[in-house]
Structure formats: C-alpha cells, structure tokens
Amino acid sequence: MDTNEEKLLLKDEVFQIVGCAIEVLNTLGHGLVEKPYENALVVEFGLRKIPFRQQPSFDVLYKGRQVGLFVPDLIAFDTIVVDTKVLDRITDHEKGLMLNYLRITNSRVGVILNFKRPKLELGANCLVNSCPLLSQRIGA
C-alpha cells in the first residue's frame, strides 16, 4: 500500500482547483470581496472542464429533522467542498467550519482558498484519520 497516496485524498483534483485559484488570483489581484473570486473560479472551472456546482443547498439535520440549510460556495468534482475567503489568515475557526461542511455535504475533502494577499493561502481538510490538515501559502 502506498502511504503517500493514502495521505493526500483526491490530490490531482485538489491540485487542479489550486491551479484555477492561482490563475484567478493572478488575473483579478488580491483583496477584493469573496464573490468575484467565487464567480471567477466558476469561469475558470468551466474553461478547464472541471465539473462543479455553484451554491448547492444541503439540509442541516438534527435527529432526522431539518433545522437549517447550508449553501457552500462550490462543490468541485462532485466531492470537494471549495470555500473562497478574503481573510487575514485561515485559522482553526475556518478549518473547524470546513469539517462541519464536510459532514453536512457527506464529502471527504474540503479546500479553503484565501485571496487576501498576493500569495494564495490554502487550507485543506479531510474527514479521514490518515489525511493531515494542510495549511500553506502558495506563490502566485
């Protein structure tokens, strides 16, 4: 069993998403509000033929009853939650929210993309024991 492959779930797909985010950051620049980055990712996903859904709705359930609604920015490759942010930095708070988003959407991998600075900040979360939490800045 290749443990490197086991550690990075959906590695190729996440790299494609990050590549799109870098292109968006290089084109739009940094520090806008979140919505233009989300919409630009939609355009870039389409150009690169990456399957996605923008702002799909998911029920938040409590003991089998709907108590709310969660609407993520994007779901890419039908399994990766993509959250666009413009924050000073990605903190444990955002990572914790992403873990909740993964549970609600029944997904295993989530990517937080922070467009605040000239270098893209990436936070990735997974819902499996073998997947480390990642957080890094990527040169744009």
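General remarks:
Residue by residue, here is whether (1) of a type in the set (A, V, I, L, M); (2) in contact with a His (Cβ under 9 Å, 6 or more places away or on another chain); (3) closer than 26 Å to Leu61 by Cα; (4) in contact (Cβ under 8 Å) with a residue 40 or more places away in the chain holds:
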| site | (1), (2), (3), (4) |
| --- | --- |
| Ala76 | yes, no, yes, yes |
| Asp83 | no, no, yes, no |
| Asp88 | no, no, no, no |
| Thr105 | no, no, yes, yes |
| Pro118 | no, yes, no, yes |
| Asn125 | no, no, yes, no |
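- Gln16 being at pLDDT 95 or above, in contact with an Asp or Glu (Cβ under 8 Å, 6 or more places away or on another chain) and under 17 Å from Val109 (Cα atoms): no
- Condition met for Gly123 (of a type outside the set (D, E, K, R), buried (at least 21 other Cβ atoms within 10 Å of the Cβ) and modelled with pLDDT under 90): yes
- Single residue of Asn106, Asn100 found to be of a type in the set (S, T, N, Q), on the phi > 0 side of the Ramachandran plot and modelled with pLDDT under 95: Asn106
- Taking (1) over 17 Å from the mean Cα position of the chain (by Cα); (2) under 13 Å from Ala124 (Cα atoms) in turn, Val67 satisfies each apart from (2).
- Residues of region 70-95 satisfying the condition of being farther than 23 Å from Phe52 by Cα and within 14 Å of the chain's Cα centre (by Cα): Ile90
- Close Cβ contacts (under 7 Å, 6 or more residues apart or on different chains) running from residues in region 4-17 that are polar (S, T, N, Q) to residues that are modelled with pLDDT of 80 or more comprise Gln16/Arg48; Gln16/Ile50.
- In summary, helices (runs of 4 or more DSSP H) completely within region 1-116 and bearing 2 or more residues that are surrounded by 12 or more Cβ atoms within 10 Å (Cβ to Cβ) and not hydroxyl-bearing (Ser, Thr, Tyr) occur at 11-28, 34-47, 92-105.
The values are calculated or read from the model by the stated rules, or taken from the named source; none is laboratory data. Every value quoted in this text rests on a predicted model; they were computed, and no experiment measured them. Note that each Cβ is placed from the backbone with ideal geometry, even for glycine, and that neighbours are counted across all protein chains shown.
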